[in-house]
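The values are calculated or read from the model by the stated rules, or taken from the named source; none is laboratory data. Nothing here was measured: the structure is a model prediction, and the numbers come from that model. When we count neighbours, we look across all protein chains shown, and the Cβ atoms used for this are built from the backbone with ideal geometry, even at glycine.
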Amino acid sequence: MKYPLQSRRHFLRAAGTLLALPALESLGFRRFASAATPGGAGGRPKRMIFLGFGWGVTQETWFPDVKQTGSEYALPPGLAPLAAHKADFTVIQGLSNKFSNEAHWGSTFWLTGANRYAEPGQSFHNSISADQVAAAHLGGDTRFASIQLNTPDVNNSGHGPGLSLAWDTHGKPMGGFENPVVAFHRLFSDENTPLEKRQALIAQKRSVLDAVLEDAKRVQRGLNRTDTDKLDEYFQGVRDIETRLGKDEKWLSVPKAKAPLAEPKPGLAGKEEIKLMYDLIVAALQTDSTRVVTYRQPVGTLLSSIGTKVAPHDMSHYTPGERTEASQKRDATQSELLAGLFEKLKAIQEPDGTRLFDYTCIAYGSNIRTIHYLDNCPTLIAGGGAGVKLGQHLVLKDKNTPLCNLWLTLLNGIGAGVKQHGDSNGTLGELAV
Amino acid sequence: MKPLFCLFLLMALSSVPLEGRAAAPQTEARIDEKQRVFFEKYCTECHNAEKQKGQLRLDNISLRLDTVENAERWQKILNQINAGEMPPEDSKQPEAGAKTEFLDELSRTLVVARKALGDQHGRITMRRLNRREYQNTMRELLGVSVDPRELPADGSAQAFDTVGASLFMSSDQLEQYLTLGRRALDDFFAPRQAALTGGTLGMRRERYEPETAKHPVSVQSRYDEELKLHQKFEKWKAAGEGDTKPFGVVDKTAMEFGEYCYQKNHRWFSEYLALPRVKEGAYLWNAISDVDEIALKLPKDAEPGEYTLRVRTGKVAGMPAERGFLAVVQGSDLDRDDRSLLATREIGGSLEAPEVLEIPVTIAEGKPRNFYFMERRPLLERRAELNNRWRELKEEKERNPVLWVDWVEWEGPRRPRGVVPKRVERREVETWANRDVRGLLGGYYLGGFKSAKQWMATDKKGSPKEFGLPDEAEVKFRIHVFETHGPSFAAYITNPLTETGSLLTIHTVHPREFVSLPPEPITPGDKRRDPVPPGDYVLRVRVAQTPKAPKERAFLEMGIYDKENGFSPMRSFQVTGTTAKPQILEIPVKITSEGPRTFSFREKVATGSESELYAESQRRTGVGPDPALWIDWVEWEGPMESGRVGSAADLLARAVDLPEGGAAPVREWLETFTRMAFRDQPADAAYLDKLVRLYEQKRKEGASLVEALKEPLSVVLASPGFLYLHEPVAEAATRPLSPREIAVRLAYFLWSAPPDARLLDLAARGELGRPEVLRGEVDRMLSDPRSYEWVTGLTRQWLDMDRLDFFQFNTKKFRTFDESTKAAAKEEVYRTVELLVKENLGVHSLLKSDFVVVNGLLANFYGLEGVTGDAFRRVPVGADSPRGGLLGMAAVLAMGSNGDQTSPVERGAWVLRKLLNDPPPPAPKGVPQLTRLEGKLLTTRERLMAHQEQPQCAQCHRKIDPIGFGLENFNTVGLWRTQDSYEKKGVGKKEWEIDPAGALHHGPAFGNYFELRDRIAEKPERFARGFAEAMIHYGLGRPVGFSDEELVDSVVKTAAQKQFAIREFVAALVQSPVFQRK
């Protein structure tokens, strides 16, 4: 699994340039891709996208009729903008996180299924999110193991605690880019500082960590169990930064991929922000800068960007009239944006006709169904990445099926080979092709 | 008779355990054995040893919820029954009453179980600083403010932000601490370095005169423009509406649009331009776009920091009080929704005497830097809507403009304390005074006199011009004035007191002394100087009565003098010093960049009477009145810096003096800083070594001394010794805290900030262990302004104040509950608790009191007369007022709404939780919605009574709703009403008289709100207990468990002996062994 990097660089050197990084269709990309784990669409490494949208949906107009299941179902108005892609996604009803009990937390436990009260005496606990399980499997060979995108509009959007959709191995929140311009530069802009300087910078960061660890050791002396556990979070934080530095060091001499899009305009919000973030997601996957992306989407600014004056939380309690209209308009706009993402993923094609969409798995949903309801979480799965059955409307027999069963199914679909995720008690046989 | 008797008995029986529970809470989570009957009847048929439907067996389930697993099993059972899924539809259904009782019992037991299972048994988990504490600690240490919003939010709905077990750390957060610490150090050093290298302090100021820029000029030009278009239109129309081009207009549409605008605006523009003082300033008038607000924009290159906004404004006389408020809004141009309220100020000035208001503001990278001044109003209303609505108002008092603005300006960045060197300048006044008096005497008077005499000596031959005098009249005058005033001048010069000081004569000679701050010259005729920065300064005057001065003349007056307006007095002082023992008067003054910098002193006399007094004395004695006041010297000092400088500021500022070469001084210096940052705890040698190495590495790379020092310093600010409150204790053991640890715990409890030098000193000397010293410190700390952090931090979380920001209020319906009122309503709660702390009042005055703590804005909202100004203060209210106590506060009532309608359920549940300390179980999830009521017109009470038809709802709502109904006389935003209505489109409208009567569940009845408030206020112990639990939770950093009952009891009991005085709660906790042990 180390070769792709080597060979890619060698290839580039041989081609006489370090500047132009190949677009997907170029020789370079194929060489890279084909060297990765075989299996799935054309043996290409899989990609995963998780999109979380906070305050649920309008249940009456977003969910398909439960009586129409399988491939023959009518798209409800909330999903209508996705009509062109109907054969390429599946809507699932009956999934939920059984421990979730916070009516305003649409994202905190969405990908983790954790029990907030699992630690006696603590008011908060979380565990690793599905994207990070995927990143552990897919992230070894890319510059970024995963990319978390976020929005500045978190407070208004019904996401709940967290810094992004992602939670690390220890259930600690992982930060994300809330500014598309910053994300763009992180992904595609090489630093101007000379190599030695960057190496020195990494060395210096290590010395900083070394120093704080020295004091942590002092503080650790004579602590009881509980306090030792508490301080362990600090030690873990230091170790995680070290891991990141290790990865930075490995990629230090490799120039970043050439951006397949122009530097974004600053200051976009709402609908435009989501559109731009979707473009960045496509670009990140297309250039193989990372294979796992999560995005915690804005809802509040989305509403104002489509000319709705209703406050987001008010909208989530959609009483008939203005609030319901806003809620439905939000559903339709989100679906329209998602359709745009699908189109872009489909437009990136290999000469053999394989599309980026075909080896990417997209999960789209929220832990909140509607108003304050946390069961039947709205869930839409798309793309060929996990090899699951698409074009379906599934209404699960057990309407309390753990959402984690879906994550487990998808994780195994991309070849992660995990036996358990969160509170899963099996995979979704209904999704088998 | 018999059934009635039974009913009585039943009520008596059922009310006893309830009261019992409230007094001494149930500590074991056990479902009453008698509920097993319910179970056997409806559940075990399917869930038994053989059948085990859904893998669930209930025939042998334990009624004791003593493990997490068992409690979870019962939670699932509760959920199933609540959701109406069990028992299944086709099987036997329990009757409503039994089901209600069962659900009641089960959900209550689950509440107990959650508390029991979450009991920490006295264990306090080590914790890091929360965001508030981090910000305060940085401020106390460095004197620099950091934006804690860059750190992830702390805690969550159920736990306070002081609970260590719920405060986490991650790699991202750790990196943020490094970044924030680094930035704070940059902020600390940058201005100091600028000052050292002789840079200007980089303070800038820009004033915007609205009438000279866009504003009324734009109204004038808009008026002219539209009038021109109108005239063209008239001509074009008269000419038969043909081609528009000859009239200079592109086409018909443009022509008609011009006329449309004219018709729409002409009247309003004319009205505006006819207003008084419109050429000198601008009105804020919502009827015209761009006049409805004045924008003040800070340029992109204005560096981040603390700035001051100023506005010179006054209000039109005779307009309604509620319109006398100016709102200042921060936001961006592009997005009107992105605006947020910065401040609301009540305007005290008038058009004739405008006042200058100052609003401090922080400018940060990436944050909006545009400010808008407007008449206070809901912020989100679209401009066109606003303008149109205003134009439709009928009443002139509602419609016409109220606020007039002369100018707005910004100034900054203010330099952190300790950067601008303080200066003192003293002037011995006799030098200039004598030169001035002698000069006048010798020049104008004596010189003129001599010339006149010389001309006279020539027998008036020739022209007086040859002697420098214009004509004979002048000659006569000069002789006259010299003869009249000369003796007064001579008397002054010959008075021995003028050898060491100056005398204040009432008229002519030397009527005033003065002190001038740069850029003004020190004395007239000298050079102008580099200006001193605006800020607080002190003037000092060494002054005495002259020996013969009568008592009534011993008053010194300070004021501003200019030739045009004469002397405008500001303050006066009684002078008691004598020439043998003069006194020094100290007068604080505020220096702004525009205001006066020369202050004058004179003897206090009635303005206008001076010449008369002089003439009278002169007639009598030949000279002016004997001077009554003598001044030795004057001086100014400043800028005086109010507030504290960071405790490490001096040390850090000395960094530049560290000798080059040799690590020892640097190491020692770092050691001192680390000890300060670690709250008087030493670091390890190995750690210090590593810090020194970081510094040396940077030096090697060519960094300057200060730059290199920032590296180890930022490491200290991200080290556990700084970030964590560290109280090591061995496993399964407890120990008394050291005095230093008590000082730290106490300071973070009451200030959310580190202990100050005094507290650490008391700890170091072992004094803090003495109960009376500790009590004294608690009082001192609660009297310190830093304790406001305790008030807000505790109150916000205890009373769940965040709910107020949950919903957006319908400002179309509730116009006066705009952002300004909402902010004031929230502050009312805090200021009331603050008053309790200041005056050590009983906490039960929060249930009912004969006062409120409000400012002008809120008093206006409540309809209380005679309160003006922005400061919150105690205002008495009568017994017939619904205000006085939390139940009458707008913030509390508004929290119990969804922004549009009242929510009796939220209000009732809040009262149970916060005032009666009898929290209802959390709202169940998955209860089916009541759809059968859709399309019906019902009163609120009718609608909610439907809740009580279904057992799963009735179990809680029968307790919650009656209280909520009792508060229905308050509308959504907390204003009094007697009627309510409900409207449904297409169905109709219903109106009704509000009926607040009801009864507490198993408790006393009440006929109206006032009685409800009385019933609640009759239970101060319950409220006190709830407060004590919240305070202990906050102070110890862990939720209160059953094992804390003894502590809670003793705190409440101690406080009860002092009428629940709020400081007694704090003292009782601080003095308890639990607080002093780990």
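Checked against (1) among the basic types (Lys, Arg); (2) surrounded by fewer than 23 Cβ atoms within 10 Å (Cβ to Cβ); (3) within 9 Å of chain A (Cβ to nearest Cβ), B:Arg139 passes all but a single condition, namely (3). Checked against (1) touching an Asp or Glu at 6+ places or on another chain (Cβ under 7 Å); (2) in a loop (DSSP other than H, G, I, E, B); (3) within 14 Å of chain A (Cβ to nearest Cβ); (4) hydroxyl-bearing (Ser, Thr, Tyr), B:Thr734 passes all but a single condition, namely (1).
So is A:Lys172 modelled with pLDDT of 90 or more, at the interface with chain B (Cβ under 9 Å from one of its Cβ atoms) and either at negative phi or under 17 Å from the mean Cα position of the chain (by Cα) (or both) or not? No, not satisfied.
Going by what's in this entry, would A:Leu213 be described as within 13 Å of chain B (Cβ to nearest Cβ), at pLDDT 90 or above and surrounded by 18 or more Cβ atoms within 10 Å (Cβ to Cβ)?
Considered against the rule, which asks whether it is within 13 Å of chain B (Cβ to nearest Cβ), at pLDDT 90 or above and surrounded by 18 or more Cβ atoms within 10 Å (Cβ to Cβ), A:Leu213 comes out as yes.
Being touching a residue at least 60 places away in the same chain (Cβ under 8 Å) and either within 30 Å of B:Leu497 (Cβ to Cβ) or part of a helix (DSSP H, G or I) (or both) is the requirement here; does B:Arg438 meet it? No, not satisfied.
Restricting attention to the range B:1046-1060, the residues being surrounded by fewer than 21 Cβ atoms within 10 Å (Cβ to Cβ) and either outside any helix (DSSP H, G or I) or within 14 Å of chain A (Cβ to nearest Cβ) (or both) number 2. Hey, among the residues in the range A:114-135 that are within 14 Å of another protein chain (Cβ to nearest Cβ) and among the small types (Gly, Ala, Ser), which one's farthest from A:Ala166 (Cα to Cα)? Across the range A:114-135, the extreme among qualifying residues is A:Gly121. Restricted to the range B:427-443, and to residues that are of a type in the set (D, E, K, R) and buried (at least 17 other Cβ atoms within 10 Å of the Cβ), which residue is nearest to B:Ser516 (Cα to Cα)? Applying the filter and picking the extreme gives B:Arg427. Scanning the range B:405-418 for residues that are surrounded by 22 or more Cβ atoms within 10 Å (Cβ to Cβ) and modelled with pLDDT under 70 yields one hit, B:Pro416.
Results for (1) over 29 Å from the mean Cα position of the chain (by Cα); (2) within 20 Å of B:Pro882 (Cβ to Cβ); (3) surrounded by fewer than 18 Cβ atoms within 10 Å (Cβ to Cβ), shown as yes or no for each residue.
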| site | (1), (2), (3) |
| --- | --- |
| B:Gly988 | yes, no, yes |
| B:Glu993 | yes, yes, yes |
| B:Ala1005 | yes, yes, yes |
| B:Asn1008 | yes, yes, yes |
| B:Ala1024 | no, no, no |
| B:Asp1044 | yes, no, no |
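Being more than 14 Å from chain B (Cβ to nearest Cβ), crowded, with 22+ Cβ neighbours inside 10 Å and over 17 Å from the mean Cα position of the chain (by Cα) narrows it down to one residue among A:Leu95, A:Leu149, A:Leu111; which is it?
A:Leu95
Here is the figure for the range B:238-263: residues that are farther than 19 Å from B:Ser221 by Cα, over 54 Å from the mean Cα position of the chain (by Cα) and surrounded by 13 or more Cβ atoms within 10 Å (Cβ to Cβ) total 3. If you filter the range B:700-719 down to residues that are without any contact (Cβ under 8 Å) to a residue 40 or more places away in the chain and surrounded by fewer than 19 Cβ atoms within 10 Å (Cβ to Cβ), you find that the one that is nearest to B:Met676 (Cα to Cα) is B:Glu707. Can you spot a residue in the range B:451-472 that is free of Cβ contacts under 8 Å to residues at least 60 places away in the same chain, β-branched (Val, Ile, Thr) and in contact with a helix residue (DSSP H, G or I) (Cβ under 9 Å, 6 or more places away or on another chain)? Looking through the range B:451-472, at least one residue is free of Cβ contacts under 8 Å to residues at least 60 places away in the same chain, β-branched (Val, Ile, Thr) and in contact with a helix residue (DSSP H, G or I) (Cβ under 9 Å, 6 or more places away or on another chain).
Do we have any residue at all in the range B:376-398 that's of a type in the set (A, V, I, L, M), more than 14 Å from chain A (Cβ to nearest Cβ) and closer than 28 Å to B:Lys826 by Cβ? No; the residues of the range B:376-398 include none that is of a type in the set (A, V, I, L, M), more than 14 Å from chain A (Cβ to nearest Cβ) and closer than 28 Å to B:Lys826 by Cβ. Quick one: is B:Leu723 under 42 Å from the mean Cα position of the chain (by Cα), at the interface with chain A (Cβ under 10 Å from one of its Cβ atoms) and without any contact (Cβ under 8 Å) to a residue 40 or more places away in the chain? No; evaluated as a whole, the condition is false for this residue. Consider B:Ser145 against the criteria (1) assigned to a helix (DSSP H, G or I); (2) surrounded by fewer than 20 Cβ atoms within 10 Å (Cβ to Cβ); (3) touching a strand residue (DSSP E or B) at 6+ places or on another chain (Cβ under 8 Å): it satisfies all of them except one. Which criterion is unmet? Of everything listed in (1) assigned to a helix (DSSP H, G or I); (2) surrounded by fewer than 20 Cβ atoms within 10 Å (Cβ to Cβ); (3) touching a strand residue (DSSP E or B) at 6+ places or on another chain (Cβ under 8 Å), B:Ser145 misses just condition (1). Show the residue pairs that are 6+ apart or on different chains and have beta-carbon atoms under 6 Å apart, the first residue being within the range B:251-275 and among the small types (Gly, Ala, Ser) and assigned to a helix (DSSP H, G or I), the second being surrounded by fewer than 13 Cβ atoms within 10 Å (Cβ to Cβ) and at pLDDT 95 or above. Hits for this filter: zero, empty list. Of B:Arg127, B:Arg57, B:Arg108, all but one fail to be out of contact with any Lys or Arg (no Cβ under 6 Å at 6 or more places or on another chain), in contact (Cβ under 8 Å) with a residue 60 or more places away in the chain and away from chain A (no Cβ under 14 Å); the exception is B:Arg108.
Here are the criteria: (1) surrounded by 13 or more Cβ atoms within 10 Å (Cβ to Cβ); (2) touching a residue at least 24 places away in the same chain (Cβ under 8 Å). Tell me which single one B:Ser617 does not satisfy. Single failed check for B:Ser617: (2). Remark: pairs (first residue in the range B:552-566, in contact (Cβ under 8 Å) with a residue 60 or more places away in the chain; second residue of a type in the set (Gly, Ala, Ser); Cβ separation under 9 Å; 6+ apart in sequence or on different chains) = B:Arg553/B:Ala628; B:Ala554/B:Ala628; B:Leu556/B:Ser572. Scoring B:Asp650 on the criteria (1) under 28 Å from B:Val515 (Cβ atoms); (2) at pLDDT below 90; (3) of a type in the set (D, E, K, R); (4) not in a loop (DSSP other than H, G, I, E, B) leaves a single failure, condition (1). Scanning the range B:40-53 for residues that are part of a helix (DSSP H, G or I), within 25 Å of B:Val111 (Cβ to Cβ) and without any contact (Cβ under 8 Å) to a residue 24 or more places away in the chain turns up just one, B:Glu40. Inside the range B:337-350, can you point out the residues that are closer than 23 Å to B:Asn855 by Cα and surrounded by 15 or more Cβ atoms within 10 Å (Cβ to Cβ)? B:Leu341, B:Leu342, B:Ala343, B:Thr344, B:Arg345, B:Glu346, B:Ile347, B:Gly348, B:Gly349 - these are the residues of the range B:337-350 that are closer than 23 Å to B:Asn855 by Cα and surrounded by 15 or more Cβ atoms within 10 Å (Cβ to Cβ).
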